[in-house]
Amino acid sequence: MNNAEQIKETIARIFPDVETVICYQQGFDGLHATPYFISIPEQVNKLIWNPLCAQNLTSYLPSIKKKVGIVVKGCDSRTIIQYLQEGLIDRAKVVIIGVPCTGVISVKKVLREIGHQPVVDVVFDDNGNIVVKTQKGEKRLAIADVCPDKCTTCQYPTPLVYDHLIGEPIASNKPKEDVYKDIREFDAKTLEEKRAYWEKEFERCIRCYACRNACPMCICQDSCIAETREPHWISQRLSLQEKFMFHMIHAAHLAGRCVECGECERVCPMDIPVAKLKKKINAEMKELFNYETGVNPDDKPPMYTFNVDEAKIKEHKL
Amino acid sequence: MSDTGYLPKEKIKDFLKELAKDAVVYAPCLEGDIVLFRPFSEERTLCLDRPANTPPKSVIYPQSETLFAFQYKKAPEDHQKMSVELKADIGVPNMVIFGARPCDAKGFRIYDRVFIETNTPDPYYRKRRENTLIVTLSCAAPSPGCFCVAVGGGPAHKEGSDVMMTELEGGYVIEPVTEKGRAILGKHVIEDGKPYLKDAQHVQAKAHDEVRNPFAPDELPKISQSLFNFDGFWEQVVGKCVSCGACTYLCPTCYCFNITDEQGIGSGERVRSWDACMFFHFTLEASGHNPRPTKFQRFKNRVGHKFIYYPEKYEGVIACCGCGRCIRYCPVNVDISEIVNYLKDTHQELHWASSRKEGTQPTVGSTKDE
Amino acid sequence: MSNIKNPYLPELATVLRVIEETPNIKSYHVVFNDPELMKSFRFEPGQVGQLSVFGVGESTFVINSPPTRMEYLQFSVMKAGEVTAAIHNLYPGDQVGIRAPLGNWFPYEQMKGRNILFIGGGIGLAPLRTLILFMLDNRADYKDITIIYGSRTPPDLCYKDELKEWEERSDVNLILTVDNEYPGWNKRTGFVPTVLKEVAPAPDNTVAITCGPPIMIKFVLEGLAQLKFKDEDIITTLEKRMKCGIGICGRCNIGSKYVCKDGPVFSLAQLKEMPDEV
């Protein structure tokens, strides 16, 4: 029995203990999966499970009050742990169906490979490839070549927290020291180069706030300073300065909280590498506090605590 | 002079340069992996083989613009008092939008009715609209998610365009749509297009047949009011919406805006900027009351605006041009064509109503494989 | 191009006088800086204006002085958000901007020869005041005028001097109420909808016009229905967050109706045709 069948069977079993189960179904075309909210067991037949199921569904959890089941991958499970650290969800009200994951697909990367053609059909072969059919022919792509960047250094392919595990746990085969390799490389650039890089990227921002709204850890919700007049920190002008300000505040608010799920970057319609900013801050958090987000429910985010004597912050030493 | 022109592919840059002599030419340019309308220059890479990620609406209706500047000054007669000076400047250069798609151009017609064809025309929009020539490229093939033929448009629909170009192997056939567009035929890189017109029409007809129509063919969708007003329907179909502004900001027909004062010391500007009906803040009142506090109500308003309210005001015209951008770029794949399809189908209505009675939730997506 | 009026550009105006109506409501007498405009300016009772404090923003208020008294325009402002807070900091001589008149008005022509019932709560008396004063200035055109007005406490009643005047007039029936007993208050107590039930005005040849907090309006509408008022004889005026004031920007719409342009005045019959997003 494959994973999809096992997930279906598990979901059928957890009803009626839960009122809703959040999983995936086919989106508007063969290249897209979309969240699927199941409220009666019979709906389960439309569930899909394949590497297109990239979205971090846990973002919906804090706003759902009833008892809910949810399908999570290893990376998604870190969000749940972070929620637990911050008291944003009630563990007793979530039934977690964990699915070990060997890597998902970045639709943006596939579209680049197929020249943004409409897809006619998509299939997955047994050798870790996605085969995309368009009017202009067929393209076979290794999933490893079209996965989101986060998959290339994934440390937690198996969910860190779950109630039901589908299939066998998978151990990571990616070196831990590579996780922030891209950040270290970027850090090597000069200040001017970095500035020029971000100016070029943020210039495209249309302030649609998809990155913010898709972010599981953005909890200010409807009180975000991007739109409030009190405080009036950001104007509604479309200047680079305002865009910069918004993205910096977004990143700063996620210091020691970002679970690196990459949703902000996945959803950006303007293709801005916004996750990189947050990853940079996480690299600093790791360095300063030896803290990794979303791995231990008993941890406290460093910015939620205060020690007069921080071991690695010199300024605090009086 | 012939009524049809022809632009050989190798002369396209010369053509753009000629246009740029007396206008700012906005053309779809490749930036990384995406295509954006940018003021064209030699260094840019023109990309005409797929619609731009964003429509060219910001050329005529900028995402943010100054309505007027204000300055406080000490009143000459009484230095205890301040006087205010207002300055509105609506200077706009001549502009060309080159390579818009027919859906993009049709979007401007949706705006014209609201911004110009009213007793209080909007001088900012109007001036830009008047100063802009729209040179549209017909679509040779559909793009993911698009459905123009279902909402009164088509891959070579001419409404809103000044010129329609159709791509053939060696060049573009150029058909003027308006008087303003006719001047294009006088540009000296333009050749006689008459011999190619039949081929162009063939390309257009073929493309028309390829675009999907999610609704009943040959008629515009009619929305069932009872289902539209059933909250449970919206809760089910847009439960996954994250309430961001991607759909509205990428939409060639969305035009809601905000007006804010952005101040310096003693002076500042009143700024008009795009706003999105998907945002909680959009309708939030100072008292804390919000007439559309949930994403369901906000999404319902968006669909209502396009498929019910606007048609009610403007002789049945649907304020959606079917470009498919809101579907393609939605973070969570909300599909407006699927939602409207549910809303128009009376069978669906029965389906939803009966599931409501039984206290169960109907299956979203049920039309997909049935 | 230049001869087209820019609908976003306010006319400059000066605050003449500030009146403290209640602990959180102030009224402003405002005149346009251009005397010619002050002379030629026309509006109808119930129409609104956008009042600007440059640097803070604009907010919508009904012009609550009647068109029959044009020495100044009066706006009454309850302190609630950023703009209203800025308006509360204005003093005589300060500069503001006005975009007016906007929206529709009370159908006073159709009310001629009929009994008029005003039901107001708190600052909701402001739009009614325009029409009350207009009708008093054209008193012969209307039959009985009844005003039911209430607020939380006696200090919260607006337009106290005028309330006194109306109370003394024999051709106006003014019924005042406050929510609870209050030292020195010897008139009615109770919520406006309750008082409406007690007074039980007859619906015959009567038009009811109501404005107040949303919850009051809700129960007043129910009360009027119980008293057998017809939907088309019940008029209310709505408040919404507005920006452009000319039916474009999209935030004040209820279905296809824009409160700033198609409203703010609607009959209950019209409201019933619209989505429930008040």
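The values are calculated or read from the model by the stated rules, or taken from the named source; none is laboratory data. This one's a predicted model, so the numbers in the text were calculated from it and none came from an experiment. Cβ sites come from the backbone with ideal geometry, for glycine too, and all protein chains shown count toward neighbours. Only protein heavy atoms, including side chains, enter the accessible area calculation; ligands, DNA and RNA are left aside. Shrake-Rupley method; radii C 1.70, N 1.55, O 1.52, S 1.80 Å.
Within this structure, B:PHE40 fails the test of being open to solvent by less than 10 Å² (accessible area, probe 1.4 Å) and away from chain A (no Cβ under 12 Å).
Out of the stretch A:220-241, which residues are in a helix (DSSP H, G or I) and touching a residue at least 24 places away in the same chain (Cβ under 8 Å)?
Step one: of the stretch A:220-241, the residues in a helix (DSSP H, G or I) are A:221-223, A:240-241.
Once the filter is applied, which keeps residues that are in a helix (DSSP H, G or I) and touching a residue at least 24 places away in the same chain (Cβ under 8 Å), the stretch A:220-241 yields only A:LEU240.
Taken over the stretch A:98-118, the criterion of being assigned to a helix (DSSP H, G or I) and touching a residue at least 40 places away in the same chain (Cβ under 8 Å) is satisfied by A:VAL107, A:LYS108, A:VAL110, A:LEU111.
Might you let me know whether the stretch B:209-226 holds any residue that is charged (D, E, K, R), over 27 Å from the mean Cα position of the chain (by Cα) and outside any loop (DSSP other than H, G, I, E, B)?
No, because not a single residue in the stretch B:209-226 is charged (D, E, K, R), over 27 Å from the mean Cα position of the chain (by Cα) and outside any loop (DSSP other than H, G, I, E, B).
Reported count of residues in the stretch A:245-300, each being of a type in the set (Asp, Glu), at negative phi and in a loop (DSSP other than H, G, I, E, B), is 3.
Applying the condition of being touching a helix residue (DSSP H, G or I) at 6+ places or on another chain (Cβ under 7 Å) and assigned to a strand (DSSP E or B) to the stretch A:24-50 and asking which residue is nearest to the other protein chains (Cβ to nearest Cβ) yields A:PRO35. So is C:THR206 closer than 18 Å to B:HIS289 by Cβ and more than 14 Å from chain B (Cβ to nearest Cβ) or not? In short, no. Selection of the stretch B:317-352 for residues being surrounded by 15 or more Cβ atoms within 10 Å (Cβ to Cβ) and modelled with pLDDT under 55 yields B:GLU349, B:TRP352. Take A:SER59 and tell me if it is of a type in the set (Gly, Ala, Ser), at the interface with another protein chain (Cβ under 8 Å from one of its Cβ atoms) and surrounded by fewer than 22 Cβ atoms within 10 Å (Cβ to Cβ). No, not satisfied.
For the stretch C:247-278, the tally of residues that are aliphatic (A, V, I, L, M), in a loop (DSSP other than H, G, I, E, B) and open to solvent by 10 Å² or more (accessible area, probe 1.4 Å) stands at 2. Considering only the stretch A:220-252, how many residues are under 20 Å from B:GLY288 (Cβ atoms) and aliphatic (A, V, I, L, M)? Count: 2.
Among C:ASN89, C:ASN104, C:ASN115, C:ASN138, which is among the polar types (S, T, N, Q), over 18 Å from the mean Cα position of the chain (by Cα) and surrounded by 18 or more Cβ atoms within 10 Å (Cβ to Cβ)?
Numbers: C:ASN89 fails: surrounded by 18 or more Cβ atoms within 10 Å (Cβ to Cβ); C:ASN104 fails: over 18 Å from the mean Cα position of the chain (by Cα); C:ASN138 fails: surrounded by 18 or more Cβ atoms within 10 Å (Cβ to Cβ).
Going through C:ASN89, C:ASN104, C:ASN115, C:ASN138 in turn, just one is among the polar types (S, T, N, Q), over 18 Å from the mean Cα position of the chain (by Cα) and surrounded by 18 or more Cβ atoms within 10 Å (Cβ to Cβ): C:ASN115.
Quick check on B:PHE279: is it open to solvent by less than 20 Å² (accessible area, probe 1.4 Å), at pLDDT 90 or above and under 26 Å from B:TYR309 (Cα atoms)? Yes: the conditions hold for B:PHE279.
Checked against the criterion of being in contact with a Cys (Cβ under 7 Å, 6 or more places away or on another chain), of a type in the set (Gly, Ala, Ser) and open to solvent by less than 20 Å² (accessible area, probe 1.4 Å), the stretch A:75-82 contains not a single residue that satisfies it. More than 7 Å from every other protein chain (Cβ to nearest Cβ), buried (at least 20 other Cβ atoms within 10 Å of the Cβ) and not β-branched (Val, Ile, Thr): is that true of B:ARG270 in this structure? Against the criterion (more than 7 Å from every other protein chain (Cβ to nearest Cβ), buried (at least 20 other Cβ atoms within 10 Å of the Cβ) and not β-branched (Val, Ile, Thr)), B:ARG270 qualifies.
The set of residues in the stretch B:126-135 being more than 9 Å from chain C (Cβ to nearest Cβ) and surrounded by 18 or more Cβ atoms within 10 Å (Cβ to Cβ) consists of B:ARG128, B:ARG129, B:THR132, B:LEU133, B:ILE134, B:VAL135.
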